[in-house]
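Undergrad: Provided herewith is a single structure, encoded as structure tokens, for subsequent inquiry.
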Amino acid sequence: MNTTELTKSYVFPVVLESDGNSWRASVRELESKGASTWGHTRDEALKSIQEVTQMIVEDMIEDGKPLPKTVTIYDAPVAVSI
């Protein structure tokens with residue numbers, strides 16, 4: 001990647017649900033494309049849905065398919081989680 005190229009970040013809302021034993025994570029706008037996963041912990045489910053969503057978005061961009069209108073796109077943001 002050229003250092004002058006900007007990286008885009010795509011932000012989707014994630015739905016998290018716990019059944020007491022595990023966590024389910026999904027991106028509703030991409031669920032029909034496979035954006036639904038689970039983990040033993042909340043953090044594990046979040047990590048997994050991030051990986052799945054990234055693969056789906058990369059495929060959609062490569063195939064020239066439009067992203068859902070609900071996605072928020074940022075040019076090279078810096079995110080800090082505390």
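Undergrad: How many of the residues making up the stretch 27-45 are within 13 Å of the chain's Cα centre (by Cα) and more than 15 Å from residue 71 (Cβ to Cβ)?
TA: Here is the first cut: in the stretch 27-45, the residues within 13 Å of the chain's Cα centre (by Cα) are 27-31, 33-37, 45.
Subset that is more than 15 Å from residue 71 (Cβ to Cβ): 34, 36-37, 45.
The qualifying residues number 4.
Undergrad: In the stretch 36-69, what residues are in contact with a Leu (Cβ under 9 Å, 6 or more places away or on another chain) and polar (S, T, N, Q)?
TA: If the condition is that a residue be in contact with a Leu (Cβ under 9 Å, 6 or more places away or on another chain) and polar (S, T, N, Q), then 36, 53 are the ones that fit.
Undergrad: Now a separate question. Test residue 17 against the criterion of being surrounded by fewer than 16 Cβ atoms within 10 Å (Cβ to Cβ) and part of a helix (DSSP H, G or I), and give yes or no. Spell out how you get there, then give the answer.
TA: Values: surrounded by fewer than 16 Cβ atoms within 10 Å (Cβ to Cβ): yes; part of a helix (DSSP H, G or I): no.
Spelling it out, it is not the case that residue 17 is surrounded by fewer than 16 Cβ atoms within 10 Å (Cβ to Cβ) and part of a helix (DSSP H, G or I).
Undergrad: Go through the stretch 56-74 and count every residue that is loosely packed, with under 13 Cβ neighbours inside 10 Å and either over 13 Å from residue 12 (Cα atoms) or in contact with a His (Cβ under 8 Å, 6 or more places away or on another chain) (or both).
TA: Number of matching residues: 7.
Undergrad: If you don't mind, there's one more thing I want to ask. Restricting to the stretch 25-45, name every residue that is among the basic types (Lys, Arg) and buried (at least 16 other Cβ atoms within 10 Å of the Cβ). Lay out the reasoning, then the answer.
TA: First, pick out the residues of the stretch 25-45 that are among the basic types (Lys, Arg): 28, 33, 42.
If the condition is that a residue be among the basic types (Lys, Arg) and buried (at least 16 other Cβ atoms within 10 Å of the Cβ), then 33 is the only one that fits.
Undergrad: Anything in the stretch 43-75 that is assigned to a helix (DSSP H, G or I) and of a type in the set (Ser, Thr, Tyr)? List them, or say none. Outline the logic, then answer.
TA: First, the residues of the stretch 43-75 that are assigned to a helix (DSSP H, G or I): 43-62.
Listed by number, the residues that qualify are 48, 53.
Undergrad: Hey, any hits in the stretch 4-13 for a residue that's charged (D, E, K, R), surrounded by fewer than 15 Cβ atoms within 10 Å (Cβ to Cβ) and either modelled with pLDDT of 95 or more or within 23 Å of residue 66 (Cα to Cα) (or both)?
TA: Yes, that holds for at least one residue.
The values are calculated or read from the model by the stated rules, or taken from the named source; none is laboratory data. All figures in this text were calculated on a predicted structure; none of them were measured in a lab. Because the Cβ atoms are built from the backbone with ideal geometry, glycine has one as well, and the counts that use them run over all protein chains shown.
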